[in-house]
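Here is the structure we will look at.
The values are calculated or read from the model by the stated rules, or taken from the named source; none is laboratory data. On a predicted model such as this, the values are computed, not experimentally measured, just so you know. Using ideal geometry, Cβ is built from the backbone for each residue, glycine included, and neighbour counts are taken over all protein chains shown.
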Amino acid sequence: MPQPIAFSAQSKTLPVSVTATASDSAALPGKGSTVRIVNEGPNVAFVSIGTGAQVATLPNATPTATSTPVLPGTDISLTIPAAAVLNVSAICRASGTATLDIQVGEGL
């Protein structure tokens, strides 16, 4: 069985300050098949990643693709279309803040 490809230590990192208002849409810092998001905390952040301008939303009774949670003090890796130029936006619940560190690359 082949070994998984390790995420590059040379990946560019995009810091995103998150508040109760959706952050400005920003281009991901590179292309690849995986986006890694580290939430420095202390609150849950919700992210939207896609083509064109993004506006993150909080989850509600109608599930949407613009509210993927990233728990405080954790990191997640998500697959993305490798050839696409993608943007990201993030939001926290009322009075919450977080700092996200976002990288794009290959592997885990």
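Any residue that is at pLDDT 95 or above and touching an Asp or Glu at 6+ places or on another chain (Cβ under 6 Å) - is there at least one of those in the range 84-101? Within the range 84-101, one or more residues are at pLDDT 95 or above and touching an Asp or Glu at 6+ places or on another chain (Cβ under 6 Å). Taking Val47, is it outside any strand (DSSP E or B) and either in contact with an Asp or Glu (Cβ under 7 Å, 6 or more places away or on another chain) or closer than 16 Å to Leu14 by Cα (or both)? In short, no.
Within the range 68-80, if we keep just the residues that are within 15 Å of Ala98 (Cα to Cα) and of a type in the set (Ser, Thr, Tyr), the residue that is surrounded by the most Cβ atoms within 10 Å (Cβ to Cβ) turns out to be Thr68.
The set of residues from the range 15-28 being under 12 Å from the mean Cα position of the chain (by Cα) and either surrounded by 18 or more Cβ atoms within 10 Å (Cβ to Cβ) or part of a loop (DSSP other than H, G, I, E, B) (or both) comprises Val16, Val18, Ser23, Ser25, Leu28.
Criterion first (buried (at least 16 other Cβ atoms within 10 Å of the Cβ), modelled with pLDDT of 95 or more, in contact with a Phe, Trp or Tyr (Cβ under 7 Å, 6 or more places away or on another chain) and closer than 21 Å to Thr34 by Cβ) does Ala45 satisfy it? So Ala45 does not fit the description; no. Exactly one residue among Lys12, Lys31 is under 18 Å from Thr99 (Cα atoms), in contact with a strand residue (DSSP E or B) (Cβ under 8 Å, 6 or more places away or on another chain), at pLDDT below 95 and of a type in the set (Lys, Arg), and that residue is Lys12. Considering (1) over 13 Å from the mean Cα position of the chain (by Cα); (2) over 24 Å from Phe7 (Cα atoms); (3) part of a strand (DSSP E or B), the lone condition that Pro63 does not fulfil carries the number (3).
In this structure, is Gly52 surrounded by fewer than 19 Cβ atoms within 10 Å (Cβ to Cβ) and not in a strand (DSSP E or B)? When the stated conditions are applied, Gly52 passes them.
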